[in-house]
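The numbers here are math on the coordinates, done by the rules we state, and not lab data. Nothing here was measured: the structure is a model prediction, and the numbers come from that model. All Cβ positions, glycine included, derive from the backbone under ideal geometry; neighbour counts span all protein chains shown.
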Amino acid sequence: MTTKRKIIGRLVPCRCFRGEEEIISVLDYSHCSLQQVPKEVFNFERTLEELYLDANQIEELPKQLFNCQALRKLSIPDNDLSNLPTTIASLVNLKELDISKNGVQEFPENIKCCKCLTIIEASVNPISKLPDGFTQLLNLTQLYLNDAFLEFLPANFGRLVKLRILELRENHLKTLPKSMHKLAQLERLDLGNNEFGELPEVLDQIQNLRELWMDNNALQVLPGSIGKLKMLVYLDMSK
């Protein structure tokens, strides 16, 4: 009888098991000085669920990577990516994506096809705007876009009603879309080091907000409406 053996490995070893079918679900190639995604990865495109490529010198993601239909977590921070290919739409089971500390300038419109995404870490990239399709990621609970070039958010950003953590520190934001009043589950919001001249009116409608960072903006006064945030336990308005 053929049995299956599930393996979590750092680098793919060469193994041969009699009567066993080897299953690789997690691969970690972090800190390996790689310039491209190892071809060995594609031997497990049917079973691979987590792939870590942190801190390498990878410049592009090959098309074959997006045949890994079972992939749930893709971690490729601190590399040399300049774009996120449209083929990412094929990763329909992807739940976590980390592309922080790269040179990615934008998300493709069809990122909306990755409907299972719950966590996106894209800090420290020259991203100046989010496509409208981004607001169709309705299962998103955590979004990290610190130290980017954002000047505004999509008007319908409030569609992301499951967001609990939103970090937008060190951007060029001056306003927030009115639709954000729909973010009823939002607990943590970091808007530090932006260009707000006043506290956005929509904030006092986010009733479950517990932590709010507005430090290092151009705020002059703290409006009384902030008192509507009954759940707020941490507020930073320092300069």
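Name the residues whose placed amide hydrogens come within less than 5 Å of the amide hydrogen of Phe196, ignoring near sequence neighbours (fewer than 5 apart) on the same chain.
Long-range HN contacts for Phe196: Ala218.
Expressed as a rounded percentage, what relative contact order does the chain have, with Cα pairs under 8 Å and six or more residues apart?
This gives 9 percent for the chain.
Pairs of alpha-carbon atoms within less than 8 angstrom and 6+ residues apart define the contacts here; what relative contact order does region 150-238 have, in percent?
Rounded, it is 25 percent for region 150-238.
Taking θ as phi - 60°, what are the ³J(HN,Hα) couplings along region 120-127 by the Karplus curve (6.51, -1.76, 1.60), each to the nearest whole Hz, with x for Gly and Pro?
Going residue by residue, I get 10, 10, 10, 5, 6, 9, x, 8 Hz, with x marking Gly and Pro.
Run the reach check for Lys115 against lysines, Cα to Cα strictly under 25 Å, same-chain hits fewer than 8 apart removed. What comes back?
Answer for Lys115, where 25 Å is the Cα cut-off: Lys63, Lys73, Lys95, Lys101, Lys129, Lys162, Lys178, Lys182, listed by chain and number.
Give, rounded to the nearest 20 debye, the magnitude of the charge dipole that region 150-238 has about its Cα centre when Lys and Arg contribute +1 at Cβ and Asp and Glu contribute -1 at Cβ.
Roughly 520 debye, rounded to the nearest 20.
Given Cys32, Leu229, Leu191, which one lies farthest toward the positive end of the charge dipole of the chain, if we put +1 on the Cβ of every Lys and Arg and -1 on the Cβ of every Asp and Glu?
Highest projection toward the positive end goes to Leu229.
Assign unit charges at the C-beta atoms only (+1 for Lys and Arg, -1 for Asp and Glu), then state the dipole size of the chain relative to its Cα centre in Debye, rounded to the nearest 20.
Roughly 940 debye, rounded to the nearest 20.
If N is the number of residues in region 150-238, what value comes out of its Cα radius of gyration divided by 2.2 N^0.38 Å?
Taking N as the residue count of region 150-238, the ratio is 0.97.
Using +1 at the C-beta of Lys and Arg and -1 at the C-beta of Asp and Glu, which of Gln220, Leu48, Thr87 has the Cα lying farthest in the positive direction of the dipole of the chain?
Positive-most Cα among the choices belongs to Leu48.
What does the net charge come to around Ala218 if you take all other residues with beta carbon closer than 13 Å to its beta carbon, with K and R at +1 and D and E at -1?
Charge balance near Ala218 sits at -1.
Say R0 is 35 Å: what FRET efficiency, to the nearest 0.05, do Lys73 and Lys239 get from their beta-carbon distance?
0.40
Tell me which label goes with the value of percent of Cα pairs over 33 Å apart computed from the coordinates here: (i) 23; (ii) 28; (iii) 32.
(ii)
Magnitude of the Cβ-charge dipole of region 33-168, K/R +1 and D/E -1, about the Cα centre, nearest 20 debye?
600 debye
Provide the FRET efficiency to the nearest 0.05 for the Ala155-Met231 pair, computing r from the beta carbons and using R0 = 22 Å.
The formula returns an efficiency of 0.25 here.
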